[in-house]
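Contents: one structure, followed by commentary.
The values are calculated or read from the model by the stated rules, or taken from the named source; none is laboratory data. The structure presented is a predicted model; accordingly, all values stated were derived computationally and were not measured. Here the Cβ positions follow ideal geometry from the backbone for every residue, glycine too, while neighbour counts run over all protein chains shown.
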Amino acid sequence: MPMKHPSLEPVQIGMAGQIFLTPAPGFIAPDDAWLQDSFIRTPGIRRTEWRRNNFLVVTQAQADAVGAAFGDNYCEVPSVGSYQGIFHGQYFGLGEVGRRTDLVSKDILNAFQRTGSRSFRDVNGAWAGVIWDEARQEACFVRDGLGIQTIYVTRMPDRVLFSTDLRILLYSGMCEDHDEQAIAEFLHYLYVPAPLTILKKVYAVLPGHVLWLDGQVRQERYDSPRFVRGVETVGSGQAGRSAERYITEFEEHLLHAVEDCVPRHGRIALALSGGKDSSTLAVALSKVCPERVLAFNVGSTDERFNETQDAALVSKALGLAFHPYVPSDRELAGGLRLFTAIQDQPVGDPAAMPYFLAMKSLPDDCRVIFDGTGNDYYFGIPSYEKGVHRYRRRIQIERNLPSAVWKLVLRMMSFGPGWMRELREYWTRPSEESFVAWDGWNAEELSGLFRRQVSFADTYLWKVMRNGASADWVELLTNAVCGV
């Protein structure tokens with residue numbers, strides 16, 4: 001019998017289900033009650049099922065769109081030729097707003113039947129999908145190019161399980177083993193880089209990729225990398241003239257993008273740090289709907305990390321309402337259980353839980369929250385200063401020095417002042433490890449912890465970095481962060 005997880009909190013997830021590789025008796029086999037039970041805990045979820053019983057999927061969007069037409073319990077999964085499939089998320093450019101998701105799925109399946117995975121390039125939005133080819137007995141799973149919507153996949157002896165929330169697979173009782181390498185990468189990077197997940201043999205579909213299950217697990221990129229090189233300029237004068245030329249057009253696009261995300265009613269909360277990114281968004285909101293904006297900032301009792309004064313200054317200058325929030329130790333301790341209950345993968349970002357508590361403290365009439373923070377340290381994005389000195393400058397210097405001289409330089413740095421010794425510590429690590437800005441466990445420390453050799457050399461993240469242009473910091477940063 002599968003293990004029950006009574007601590008699983010009700011959450012609004014998008015899609016989960018299973019594809020039977022062998023015939024299964026009845027609509028839902030007795031040991032598949034986990035799937036139904038898990039969604040009973042999730043408000044508003046209905047089951048959708050392909051009647052021939054080798055495809056079962058549960059999705060909120062499908063139930064909302066066609067549940068009434070097909071009855072309370074079952075909805076047909078859209079099919080085209082030998083393909084059955086369903087897509088969950090938000091789509092742009094696929095017809096009128098509110099279009100039935102089964103019709104959208106058929107459009108995508110038709111395009112996929114004609115041109116294969118290249119057809120996904122034309123699907124814009126935050127979405128994920130699954131396609132089952134009955135003729136070939138082959139499954140594929142696809143994720144949007146920006147990687148906003150997640151989807152996880154695992155192959156069992158008799159079925160394939162998938163979900164947009166990792167906890168549903170854990171709740172099944174069939175995916176209980178943890179991946180030791182994923183744990184090591186979490187301790188090193190403070191998050192689990194795709195395609196690994198914290199669960200063993202459960203894979204995250206990479207952004208802009210199709211994951212194929214045809215006897216093995218392989219991923220194929222259908223979308224181009226996120227970095228696009230602009231027109232090269234020569235000289236500061238020319239660059240200044242280009243900025244002056246395009247600043248009006250940029251402002252128009254920014255205001256249009258902000259307006260498109262603002263609901264008709266209710267207030268808009270803005271996470272404001274006082275830095276350039278969130279302040280730019282604050283300026284845009286002050287021109288769109290200043291009377292409806294509530295800027296909030298998560299402060300700290302440690303003044304070294306407190307940004308409240310900067311955020312308050314920006315709010316006052318723009319005439320926006322401001323709400324500072326400094327969580328107490330009691331609030332942090334009390335919110336820990338609730339915060340971990342909504343995380344499907346571990347994240348070591350120390351700001352995540354305080355921001356979670358701050359958002360819970362917002363008034364009920366705040367209909368949407370704009371994240372205007374620059375996220376300089378989130379998910380492997382180091383600040384410019386640390387990034388240049390710890391990675392790009394190291395690559396440039398190492399490339400222009402003979403190996404023996406480089407080793408001598410590192411040895412001499414060990415006798416220098418504290419900042420130089422600290423820099424030497426980063427530069428003695430593999431270049432891919434010195435890329436990150438935080439001080440997670442290094443490979444040697446992890447090898448001692450797990451009592452085996454721990455390496456990141458063959459990970460997907462390092463592969464992306466090795467194939468990137470290391471001399472071009474912006475391109476490397478974009479591909480490493482947005483491609484994993």
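Among the residues of the stretch 307-339, count how many are surrounded by 13 or more Cβ atoms within 10 Å (Cβ to Cβ) and either at pLDDT below 85 or outside any helix (DSSP H, G or I) (or both).
Going through the stretch 307-339 one residue at a time, the tally reaches 10.
What is the residue count in the stretch 123-139 for residues that are free of Cβ contacts under 8 Å to residues at least 60 places away in the same chain, buried (at least 16 other Cβ atoms within 10 Å of the Cβ) and assigned to a strand (DSSP E or B)? Working first, answer last.
Kept after step one, since they are free of Cβ contacts under 8 Å to residues at least 60 places away in the same chain, are these residues of the stretch 123-139: 123-127, 129, 131, 133, 135.
From what's left, buried (at least 16 other Cβ atoms within 10 Å of the Cβ): 123, 125-127, 129, 131, 133.
Okay, now just the ones that are also assigned to a strand (DSSP E or B), so 125-127, 129, 131, 133.
Residues meeting the conditions: 6.
Out of (1) assigned to a helix (DSSP H, G or I); (2) modelled with pLDDT of 80 or more; (3) within 26 Å of residue 86 (Cα to Cα), the odd one out for residue 211 is which?
(1)
Return yes or no: is residue 115 closer than 30 Å to residue 449 by Cβ, among the polar types (S, T, N, Q) and either outside any loop (DSSP other than H, G, I, E, B) or in the same structural domain as residue 217 (by TED's automatic domain parsing) (or both)? Before you say what the answer is, go through the steps one by one.
Values: closer than 30 Å to residue 449 by Cβ: no; among the polar types (S, T, N, Q): yes; either outside any loop (DSSP other than H, G, I, E, B) or in the same structural domain as residue 217 (by TED's automatic domain parsing) (or both): yes.
It is false that residue 115 is closer than 30 Å to residue 449 by Cβ, among the polar types (S, T, N, Q) and either outside any loop (DSSP other than H, G, I, E, B) or in the same structural domain as residue 217 (by TED's automatic domain parsing) (or both).
Hey, can you tell me all the residues within the stretch 352-365 that are surrounded by 14 or more Cβ atoms within 10 Å (Cβ to Cβ) and out of contact with any helix residue (DSSP H, G or I) (no Cβ under 8 Å at 6 or more places or on another chain)?
Those that are surrounded by 14 or more Cβ atoms within 10 Å (Cβ to Cβ) and out of contact with any helix residue (DSSP H, G or I) (no Cβ under 8 Å at 6 or more places or on another chain): 355, 358, 359, 362.
Does residue 120 satisfy being touching a residue at least 12 places away in the same chain (Cβ under 8 Å), within 30 Å of residue 341 (Cβ to Cβ) and either in a helix (DSSP H, G or I) or assigned by TED's automatic domain parsing to the domain that holds residue 342 (or both)? Break it down stepwise before answering.
Values: touching a residue at least 12 places away in the same chain (Cβ under 8 Å): yes; within 30 Å of residue 341 (Cβ to Cβ): no; either in a helix (DSSP H, G or I) or assigned by TED's automatic domain parsing to the domain that holds residue 342 (or both): yes.
So residue 120 fails the test.
This table checks each residue for (1) within 16 Å of residue 217 (Cβ to Cβ); (2) in contact (Cβ under 8 Å) with a residue 60 or more places away in the chain; (3) surrounded by 21 or more Cβ atoms within 10 Å (Cβ to Cβ); (4) among the hydrophobic types (A, V, I, L, M, F, W, C).
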site	(1), (2), (3), (4)
153	yes, yes, yes, yes
158	no, yes, no, no
165	no, yes, yes, no
179	yes, no, no, no
189	no, yes, yes, no
192	no, yes, yes, yes
